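The values are calculated or read from the model by the stated rules, or taken from the named source; none is laboratory data. Just so it is clear, the structure is predicted and the values come from calculations on it, not from any experiment. Counting neighbours? That spans all protein chains shown, and the Cβs are built from the backbone with ideal geometry, glycine included. Heads up: the accessible areas ignore ligands, DNA and RNA and are worked out on the full protein's heavy atoms, side chains in. Shrake-Rupley method; radii C 1.70, N 1.55, O 1.52, S 1.80 Å.
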Amino acid sequence: QVQLVESGGGLVQAGGSLRLSCAASERMFNIIAMGWYRQAPGKQRELVAHIISGGSGITNYADSVKGRFTISRDNAKNTVYLQMNNLKPEDTAVYYCNIVESAYNYWGQGTQVTVSS
């Protein structure tokens, strides 16, 4: 069973930066897409950023993070990253990585990001 291991969360002041990483515990051969979601207290989980695995790596971002967050991938390492710049208090949430491989949908355990004002 593939596990996704996230790292990079923490506490940062508004305007600061964090980089999240998510690595699969074993080689994955048919990744379709990789992404990051977040869930703030009392709110539903929402898509933050999404990247197609193959080809040009088309990306998609939530409007609230466009221009501040960048998703990237390393297919050889089965790793997805989320660079978060100019963080705002409203970015505070638990961030989850997601990898879709064939018909399977894998989730990380979540990493807390807290942005203080």
Rank these residues by their accessible area, most exposed first, probe 1.4 Å: Asp91, Asp63.
Asp63, Asp91
Ranked highest first by the average count of other Cβ atoms within 10 Å around their residues, in what order do 109-116, 16-23 fall?
16-23, 109-116
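Express the accessible area of the chain per residue in Å², computed with a 1.4 Å probe while the remaining protein chains stay in the model.
On a per-residue basis, the chain sits at 53 Å².
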Tell me, what % of the accessible area of region 50-117 is carbon and sulfur with a 1.4 angstrom probe?
50
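With +1 on each Lys and Arg Cβ and -1 on each Asp and Glu Cβ, and nothing else charged, work out how big the dipole of region 39-117 is about its Cα centre, in Debye to the nearest 20. Could you put the intermediate results ahead of the total?
Numbers: 7 positive and 6 negative charges, 15 e Å.
Here the size comes out at about 80 debye.
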